[in-house]
Amino acid sequence: MNRNRRALVTGGSGDIGGAIAQALAADGCEVFVHANAQFARAEAVVESIRANGGTAHALSFDLVDGAATRAALDDLLEGGPIPILVHNAGVHDDAPLAGMREEQWRRVIDVSLHGFFHASQPLLLPMARLRWGRIVCVSSVAAVLGNRGQVNYAAAKSALHGAAKSLAREMASRGITVNVVAPGVIAGRMSEGAFGEAEIKALVPAGRAGTPEEVAALVRFLCSEEAAYVNGQVIGINGGMA
């Protein structure tokens, strides 16, 4: 159990991020649900957590803006360390690379990769002093298999794999684990309309889309005491796609 631990979920306004926030709150964490453009959705997640007896707060800042992120996290750290970080924030801006605009490339890289640096770096020394921490990055099966039209997205997410493995080596002696969860096709707003039932059955050996709650259950485990020896791993949750 994670009683009295504080957790930050970036991109907590989305389907997967919201489910992760709910799962961590159910495990006893005080959860900070981050959003940028979709703050109302983050507030709805917080209301749901509170209705179920949990503790949560919504906050909004742009992860791409390092100064704004640092200021927001410094404010949170005044209340104590934040030993659990789930970096779920990410965006799609799909196009074949031959026709991709530079701003499409930069936007996707900025949120997933630079956002990871901005969110994690200020939290590391307080975690190290606590000698306990859990960092989980939410990636994608696209980073493992590649995907047409998603060179930018696959590049951003696969870069997180290398960052997580390296950070795991840096922080392991302090009781801090860093892992990656790489979902496949997950039901929700992001995949709605992108995949038909027949396409999902052709792509996914399990014959169905996963659920945000299934992803959240894996993240919840990786953030637990029981997962202390799972470190530097990229764990797929994709129904057998990879």
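Below is a table of values for the structure above.
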| item | result |
| --- | --- |
| Ascending count of other beta-carbon atoms within 10 Å, so fewest first, for D75, D110 | D75, D110 |
| Mean projected area in nm² (Cα convex hull; one quarter of hull surface) for the chain | 12.5 nm² |
| Degrees between helix 115-130 axis and first principal axis of the chain (Cα, 0 to 90, nearest 10) | 30 degrees |
| Crossing angle, helix 39-51 versus the chain [Cα axis fit, 0-90 degrees, rounded to tens] | 60 degrees |
| Integer Hz, Karplus 6.51/-1.76/1.60 couplings in order for segment 179-187, x for Gly and Pro | 9, 10, 10, 10, x, x, 6, 10, 4 |
| Given charges at beta-carbon only (K, R positive; D, E negative), |dipole| of the chain in Debye | 620 debye |
| MRE, 222 nm, helices only [DSSP H, n ≥ 4, -39500 (n - 2.57), over the chain, to nearest 500] | -13000 deg cm²/dmol |
| P(r) weight above 20 Å for segment 34-104, C-alpha pairs, percent | 47 percent |
| Of the chymotrypsin sites (Phe, Trp or Tyr not before Pro) in segment 133-242, those whose Cβ has at most 12 other Cβ within 10 Å and which sit in DSSP loop | Y229 |
| DSSP-assigned coil residues among GluC sites (Glu not before Pro) in segment 124-206, each with at most 16 further Cβ atoms within 10 Å | E192 |
| Amide H contacts of V91 (H built 1.01 Å from N, under 5 Å, at least 5 apart or other chain) | S112 |
| Relative contact order (%) - criterion: Cα under 8 Å, at least six apart; region: the chain | 19 percent |
| Amide proton proximity set for A182, modelled H, under 5 Å, gap of 5+ | S139, I235, G236, I237 |
| Footprinting exposure proxy for V215, V230 (fewest neighbouring C-beta atoms within 10 Å first) | V230, V215 |
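Values in this text are rule-based calculations from the coordinates and carry no lab data. Please read all numbers here as calculations on a predicted model, not as lab measurements. Cβ coordinates were reconstructed from backbone atoms using ideal geometry, including for glycine residues, and neighbour counts include every protein chain displayed.
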